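The values are calculated or read from the model by the stated rules, or taken from the named source; none is laboratory data. Everything numeric here is computed off the predicted structure, so don't read it as measured data. All Cβ positions, even for glycine, are placed from backbone atoms using ideal geometry, and neighbour counts span all protein chains on display.
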């Protein structure tokens, strides 16, 4: 071992609450069918996981609590999962967010820290507002979730248009990554080049 046989502990990201919430959500979603759904349940599961990862990364970049951002991203489309419908899912998701967090808090007992009332209100506010991509709030946490949702869809191949496009472009520039999108079979580059 380097450093004269001393063990150097590597820093560890605190995400135990997020991981438990993801596990809880997956166990409830994995057996749901696609019948009557606007989106296949596999899309919701995939988007839940990738959004939570992207949220942690962008939150670290912006100086926001990465675990809390990951929890909000994991729960942001719970309205679609529960109602099967995309329309007004942000607003209808509010009650399901409260229920999911309450379930987590009860099931985790003393093993894991609870999601506090203040954290829950922050999460709910971001989720209820995440679909309004055109509006810019003064709340960095709300804006983070809007940006994550836009960018995650783009990274899964969903065409970025309008406000989603602008958010994707802004985040890619913030991360100093060239934004590329295929238009009519032709790749176009926008934003700053890697560097």
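Structural remarks
- In segment 108-136, the residues that are surrounded by fewer than 12 Cβ atoms within 10 Å (Cβ to Cβ) and in contact (Cβ under 8 Å) with a residue 12 or more places away in the chain: 134
- Matching option when the condition is farther than 14 Å from residue 78 by Cβ and at pLDDT below 95, among 42, 16, 20, 7: 7
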